[in-house]
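*Asks:* A single structure is presented below for examination.
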Amino acid sequence: MAGEVLHAPREKLSRHTLALHHAISSLMEELEAVDWYRQRADDCEDDELREILLHNMREEIEHAMMTLEWLRRNDGDFAEQIKTYLFTEGPITGVEESATGGGDGKGGDGDTGGGDGLTIGRMKKRR
């Protein structure tokens, strides 16, 4: 599984980075399990088994959200992005535009930011 792979030597990683790796790997596994249970439930012809599979899926969602909350509490970058995007209303990309100061409507090519910096997503210098 991808989450089990370290991309740098373990001895060079801080305890914090390793803890984040464990949490992120676990979150990925929980979300994958949600997907598997949902697919199996959709494919299942036995009503009682379908309900068990959906129950299991919901438990995996619970586990994923517990891990996401741990990430929020233990990493400032996650906390900042969760605060920005979760429990908002309207288009999600609109939330991004508000958070990054973009959306001035100029530049007819889908350009939503201002200034002369790099933009995430486009990753090229603005003119």
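*Asks:* In segment 6-100, what percent of the accessible surface is made up of carbon and sulfur (1.4 Å probe, ligands and nucleic acids excluded)? Write out the running numbers ahead of the final one.
*Replies:* On the way: 3770 of 7210 Å².
C and S atoms contribute 52 percent here.
*Asks:* Given a Förster distance of 25 angstrom, what is the FRET efficiency for D77 paired with Q39, based on the Cβ-Cβ distance and rounded to 0.05? Don't skip to the end; give the middle numbers.
*Replies:* Values: r = 32 Å, r/R0 = 1.27.
Taking R0 as 25 Å, the efficiency between D77 and Q39 is 0.20.
*Asks:* Where only protein heavy atoms count, and the probe is 1.4 Å, what is the accessible area per residue for segment 3-45 in Å²? Walk me through the intermediate numbers first.
*Replies:* Numbers: 3260 Å² over 43 residues.
On a per-residue basis, segment 3-45 sits at 76 Å².
The values are calculated or read from the model by the stated rules, or taken from the named source; none is laboratory data. For clarity, every value in this text was computed on a predicted model and none was experimentally measured. Reconstructed Cβ throughout: ideal geometry from the backbone, glycine too, with neighbour counts over all protein chains shown. Heavy atoms of the whole protein, side chains included, go into the accessibility calculation; ligands, DNA and RNA do not. Shrake-Rupley method; radii C 1.70, N 1.55, O 1.52, S 1.80 Å.
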